[in-house]
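Colleague: Pasting in a structure now, in structure tokens, and then I'll have a few things to ask.
The values are calculated or read from the model by the stated rules, or taken from the named source; none is laboratory data. These figures come from a predicted structure and were not determined experimentally. Methodologically, a virtual Cβ is constructed for each residue, glycine included, from the backbone with ideal geometry; neighbour enumeration extends over all protein chains shown. Just so you know, the surface numbers come from the protein's heavy atoms only, side chains and all, with ligands and any DNA or RNA stripped out. Shrake-Rupley method; radii C 1.70, N 1.55, O 1.52, S 1.80 Å.
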Amino acid sequence: MPVFGSKEFLKCLTGLAISYTVKCVLKNDNWLRFRSRWEKLKYSKFNPAKNHFESVLIQTITGCNLSCPFCPANKPGNSNYGGASPGTKMPMRIYKKIIDDLAVLDYSGIVRPCLMNEPLLDNRLTGLIRYADSKLPNARIQIESNGELITEKILRELFQAGFDEAIFNYYPTSRNLKKVFNEMDINIDTYFLQPLYVLWKPQKRKTRCIFVVSRGYDEDLSNRAGNVPRYKTPLKRPLRLMCDQPFRYTYIGYNGKVVLCCNDWGFEKTLGDVKKASLWDIWIGKVFQEVRRCLLRGERKGPCLRCDNTPRGPGKGIPGGLSSLALSLRNMSRK
């Protein structure tokens, strides 16, 4: 992950500067079109056989303990997770199959045992992280949580299990997260602008760190492919814009099916099944490739028809926890 003052950190800031400079010059619609053309150019010769996914997100359990206005979780009328009830766990054999597939690839990207859920609802989380850490020494294991279920004991166990980054979203109504950190004599307010290195000295080869992200309930996020209509007005017509999700990420539901992206809460579009094929074969497979070709042409199908997610545009982007810091900065600047 980028360390403050490092070359990677400076590249990230340069990318941000380019993006925001162009955005200031162009009006909204022109800015979106510019970003879309930039991404099309970037991925026009994309070869999945030569480009591994940057992140793998694994839904080890369905459901969440909160109901934020911008999120489809716990919303009446939503058929989330393909109809599965909250609390449905991914079988261990499927989880281990995924990790073993990644080990064959000597995977060095991000592994997140969380997707469309609150990961701390899964009482197996420590063991899941330990297994991934033992099989994937070069990968970065990351969790993202609302922190309402965290305790010092759980945090220590997760740390010893081998996570690399824990990102805790701190909402205006959050109480538990601040309480836990106060009990550990840590002033949470001082860590909104920097990673919290490290609560305990790392015993292994990787640096562990924790990010606390200042969040708000009025954030201008995506419409989650139309799954939060009360929060954001549905699109009148599909966007004819590029989206880079299937070029960078792999999302795996609790049942082992690879879904289109993190906005496909209903599991409408499946790209493969890890129970029947390796993760790599799915990544380079025909279904994944057809989705990419459609997006390169500006054609949105299935859940994408309702989605307002737009391309990132120029710049290297802000990887890992640094993106969380940028989100904190943006949210605090609006207060």
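Colleague: Being of a type in the set (S, T, N, Q), more than 19 Å from the chain's Cα centre (by Cα) and either surrounded by fewer than 19 Cβ atoms within 10 Å (Cβ to Cβ) or over 30 Å from Leu149 (Cβ atoms) (or both): is that true of Asn51 here? Before you say what the answer is, go through the steps one by one.
Modeller: On the way: of a type in the set (S, T, N, Q): yes; more than 19 Å from the chain's Cα centre (by Cα): no; either surrounded by fewer than 19 Cβ atoms within 10 Å (Cβ to Cβ) or over 30 Å from Leu149 (Cβ atoms) (or both): yes.
Criteria not met by Asn51.
Colleague: Quick check on the range 320-327. Is at least one of its residues part of a helix (DSSP H, G or I), modelled with pLDDT under 95, within 20 Å of the chain's Cα centre (by Cα) and among the hydroxyl-bearing types (Ser, Thr, Tyr)?
Modeller: yes
Colleague: Before we move on, is Thr151 β-branched (Val, Ile, Thr) and modelled with pLDDT under 95?
Modeller: yes
Colleague: While we're on this one: Kindly indicate the residue of the range 185-229 that is of a type outside the set (A, V, I, L, M, F, W, C), assigned to a loop (DSSP other than H, G, I, E, B) and crowded, with 21+ Cβ neighbours inside 10 Å and also modelled with the lowest pLDDT among those meeting that condition.
Modeller: Selected residue: Pro195.
Colleague: State whether the residues of the range 74-85 include one that is at pLDDT 95 or above, open to solvent by 60 Å² or more (accessible area, probe 1.4 Å) and closer than 30 Å to Asp220 by Cα. Outline the logic, then answer.
Modeller: Start the filter on the range 74-85 by keeping residues that are at pLDDT 95 or above, which leaves none.
Checked the range 74-85: no residue is at pLDDT 95 or above, open to solvent by 60 Å² or more (accessible area, probe 1.4 Å) and closer than 30 Å to Asp220 by Cα.
Colleague: Let me ask you something else. In the set Val259, Val274, which member is open to solvent by less than 10 Å² (accessible area, probe 1.4 Å), closer than 17 Å to Gln59 by Cα and within 17 Å of the chain's Cα centre (by Cα)? Please lay out each step first, then the result.
Modeller: On the way: Val274 fails: within 17 Å of the chain's Cα centre (by Cα).
Residue meeting the stated conditions: Val259.
Colleague: Taking the condition of being touching a strand residue (DSSP E or B) at 6+ places or on another chain (Cβ under 9 Å) and either within 24 Å of Lys236 (Cα to Cα) or acidic (Asp, Glu) (or both), how many residues in the range 284-302 meet it? Give the derivation first.
Modeller: Looking only at the range 284-302, we keep the residues that are touching a strand residue (DSSP E or B) at 6+ places or on another chain (Cβ under 9 Å), and these are 285, 287-288, 291.
If we keep only those that are either within 24 Å of Lys236 (Cα to Cα) or acidic (Asp, Glu) (or both) too, we end up with 291.
Qualifying residue count for the region: 1.
Colleague: Which residues, taken from the range 147-159, are open to solvent by 10 Å² or more (accessible area, probe 1.4 Å) and touching a residue at least 12 places away in the same chain (Cβ under 8 Å)? Step through it out loud before you land on a result.
Modeller: Within the range 147-159, the subset open to solvent by 10 Å² or more (accessible area, probe 1.4 Å) is 148-149, 151-154, 156-157, 159.
Passing the criteria: Glu148, Leu149, Thr151, Glu152, Ile154, Arg156, Glu157, Phe159.
Colleague: On to the next question. Of the conditions (1) in contact with an Asp or Glu (Cβ under 6 Å, 6 or more places away or on another chain); (2) open to solvent by 20 Å² or more (accessible area, probe 1.4 Å); (3) within 25 Å of Phe163 (Cα to Cα), Leu279 fails just one. Which one is it?
Modeller: Only one criterion is unmet by Leu279, namely (2).
Colleague: I'm told Ile58 meets every condition in (1) more than 16 Å from the chain's Cα centre (by Cα); (2) buried (at least 17 other Cβ atoms within 10 Å of the Cβ) except one. Can you identify the failing condition by its number?
Modeller: (1)
Colleague: Right, something else. Is it true that Tyr249 is of a type outside the set (D, E, K, R), surrounded by 15 or more Cβ atoms within 10 Å (Cβ to Cβ) and within 22 Å of Ser145 (Cα to Cα)?
Modeller: Working: of a type outside the set (D, E, K, R): yes; surrounded by 15 or more Cβ atoms within 10 Å (Cβ to Cβ): yes; within 22 Å of Ser145 (Cα to Cα): yes.
Yes.
Colleague: Going by the structure shown, is Pro119 open to solvent by 10 Å² or more (accessible area, probe 1.4 Å), closer than 19 Å to Ile61 by Cβ and not basic (Lys, Arg)?
Modeller: Judged against the criteria, Pro119 is not a match.
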